[in-house]
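Trainee: Structure incoming, see below.
The values are calculated or read from the model by the stated rules, or taken from the named source; none is laboratory data. Being a predicted model, the structure only gives us computed values, none of them experimental. Cβ sites come from the backbone with ideal geometry, for glycine too, and all protein chains shown count toward neighbours. To get the accessible areas, we keep the full protein, side chains included, count just its heavy atoms, and leave off ligands, DNA and RNA. Shrake-Rupley method; radii C 1.70, N 1.55, O 1.52, S 1.80 Å.
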Amino acid sequence: GTGTPMLELHDVHTYYGHIHALKGITMTVNEGEIVALIGGNGAGKTTTLRTISGMMKPRSGALSYQGKTIAGIPAHHIMQMGISHVPEGRRIFPQLTVRENLDVGAYTVTDKATVEARVQEGFGYFPRLKEREHQVGGTMSGGEQQMLAIARALMVAPKLLLLDEPSMGLSPLFVEAIFDIVQKLNSEHGTTVLLVEQNANMALQIAHRAYVMQTGEIKLSGIASDIAQDESVRKAYLGDE
Ligand code: ATP
């Protein structure tokens, strides 16, 4: 990373009705970084991503992206500012082909040549999708659908990619492929990534820094390799006895 803050959350509180899901989240993602957000079930990781992408509105706190406040700004606006969110459970359009899914992802991009260039770029990252350009999305494997969900999110050429559990339900080979591509996108393309993962081991291997969440709060943060060595983290999230 360059050390320039791209995304900053300060004391962010988000609720589902009366359920207090985020209890004062403060975190920074610098330009060029991969930041991992790890933690157990119900910790608030997904809610953090939803709050950043505008799917949910924080009740209080400050949220800024490239120096501009984004709290309360509609999701489609935030996307146009360069933040793309791949939600949990790879929500592709199952009746549409791979190509059609990508075209839908690019609906805000008006220039046809730009769309075509980005489709080809996506096929470069995911050759599997090129082979299956005309296959209906819903008939692809889980891993292929995850690739498609990421490729679709890239159609808007995001500066910041929010990835929610990209490894969920995938075989080890696919998990590795997905993580490789995330790393490549970051190192070769300069895309900044905020990565939510239950698979903390893998996430900490590709991340520069990490935040550990528990019951709506940040419990620990630091350099990913240090977090991976932390005894409490190892016990809680990395399967150490
Ligand atoms: P997981 O790893 O299990 O997906 P998470 O860290 O992503 O968990 P969130 O999904 O952000 O956690 O949930 C945070 C808290 O908010 C949990 O207590 C959860 O039950 C609650 N919550 C999430 N979505 C809703 C909702 N739609 N309505 C009410 N409560 C919700």
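Trainee: Can you report the number of residues in the range 87-101 which are among the charged types (D, E, K, R) and surrounded by fewer than 15 Cβ atoms within 10 Å (Cβ to Cβ)? Steps first, please.
Mentor: Taking the range 87-101 first, the residues among the charged types (D, E, K, R) are 88, 90-91, 99-100.
Still in the list and also surrounded by fewer than 15 Cβ atoms within 10 Å (Cβ to Cβ): 91.
Number satisfying all stated conditions: 1.
Trainee: Which count do you get for residues in the range 164-175 that are under 17 Å from L129 (Cβ atoms) and either at pLDDT 95 or above or open to solvent by 30 Å² or more (accessible area, probe 1.4 Å) (or both)?
Mentor: Looking only at that region, the number is 2.
Trainee: Also, I was wondering about something else. Restricting the range 199-210 to residues that are assigned to a helix (DSSP H, G or I) and within 20 Å of T46 (Cα to Cα), which is most open to solvent (accessible area, probe 1.4 Å)? Lay out the reasoning, then the answer.
Mentor: Going residue by residue through the range 199-210, those that are assigned to a helix (DSSP H, G or I) are 200-206.
Filter again for within 20 Å of T46 (Cα to Cα), leaving 200-204, 206.
Working: A200: 3, N201: 73, M202: 41, A203: 0, L204: 14, I206: 20 Å².
Per the stated criteria, the residue is N201.
Trainee: For G122, indicate whether it is at pLDDT below 95 and surrounded by fewer than 17 Cβ atoms within 10 Å (Cβ to Cβ). Let's see the steps before the verdict.
Mentor: Details: at pLDDT below 95: yes; surrounded by fewer than 17 Cβ atoms within 10 Å (Cβ to Cβ): no.
So G122 does not fit the description; no.
Trainee: Here is a further query. When you go through G143, G138 one by one, which is the residue that is open to solvent by less than 10 Å² (accessible area, probe 1.4 Å), small (G, A, S) and free of Cβ contacts under 8 Å to residues at least 60 places away in the same chain?
Mentor: G143
Trainee: Whether any residue in the range 188-198 is away from the ligand (no atom under 13 Å from the Cβ) and in a helix (DSSP H, G or I) is what I want to check.
Mentor: Yes, because at least one residue in the range 188-198 is away from the ligand (no atom under 13 Å from the Cβ) and in a helix (DSSP H, G or I).
Trainee: Kindly provide the set of residues from the range 178-187 that are without any contact (Cβ under 8 Å) to a residue 40 or more places away in the chain and surrounded by fewer than 17 Cβ atoms within 10 Å (Cβ to Cβ), ordered by number.
Mentor: Selection gives D180, S187.
Trainee: Could I ask something else about it? Counting only residues that are near the ligand (Cβ under 6 Å from one of its atoms), small (G, A, S) and open to solvent by 10 Å² or more (accessible area, probe 1.4 Å), how many does the range 34-43 have?
Mentor: 1
Trainee: Still on this model: Hey, can you tell me all the residues within the range 54-66 that are in contact (Cβ under 8 Å) with a residue 60 or more places away in the chain and open to solvent by 10 Å² or more (accessible area, probe 1.4 Å)?
Mentor: As a first pass, look at the range 54-66 and keep what is in contact (Cβ under 8 Å) with a residue 60 or more places away in the chain: 65-66.
Q66, the sole residue that qualifies.
Trainee: Continuing with the same structure: Which count do you get for residues in the range 1-18 that are more than 16 Å from the ligand (Cβ to nearest atom) and crowded, with 22+ Cβ neighbours inside 10 Å? Please lay out each step first, then the result.
Mentor: Narrowing the range 1-18 to residues more than 16 Å from the ligand (Cβ to nearest atom): 1-8, 10-11.
Subset that is crowded, with 22+ Cβ neighbours inside 10 Å: 6-7.
Residues in the range 1-18 being more than 16 Å from the ligand (Cβ to nearest atom) and crowded, with 22+ Cβ neighbours inside 10 Å: 2 in total.
Trainee: Of the conditions (1) touching a Gly at 6+ places or on another chain (Cβ under 9 Å); (2) within 15 Å of the ligand (Cβ to nearest atom); (3) not aromatic (F, W, Y), G54 satisfies every one except a single condition; which number is it?
Mentor: Single failed check for G54: (2).
Trainee: Output the residues belonging to the range 144-180 that are over 17 Å from G105 (Cα atoms) and part of a helix (DSSP H, G or I).
Mentor: Selection gives P172, L173, F174, V175, E176, A177, I178, F179, D180.
Trainee: While we're on this one: For V104, which of the numbered conditions (1) more than 16 Å from the ligand (Cβ to nearest atom); (2) modelled with pLDDT of 95 or more fails to hold?
Mentor: Every condition holds for V104 apart from (2).
Trainee: Still on this structure, I have one more. So which of I223, I218 is of a type in the set (V, I, T), open to solvent by 10 Å² or more (accessible area, probe 1.4 Å) and within 16 Å of the ligand (Cβ to nearest atom)? Quick ask: steps written out before the conclusion?
Mentor: On the way: I223 fails: within 16 Å of the ligand (Cβ to nearest atom).
Selected residue: I218, the only one of I223, I218 that is of a type in the set (V, I, T), open to solvent by 10 Å² or more (accessible area, probe 1.4 Å) and within 16 Å of the ligand (Cβ to nearest atom).
Trainee: Still on this structure, please answer the following. Of the conditions (1) more than 17 Å from the chain's Cα centre (by Cα); (2) under 23 Å from N199 (Cβ atoms); (3) open to solvent by less than 10 Å² (accessible area, probe 1.4 Å), A21 clears all except one; give me its number.
Mentor: (3)
Trainee: Residue by residue through the range 67-86, note down the ones that are touching a residue at least 24 places away in the same chain (Cβ under 8 Å) and open to solvent by less than 30 Å² (accessible area, probe 1.4 Å).
Mentor: Listed by number, the residues that qualify are I78, G82, I83, S84, V86.
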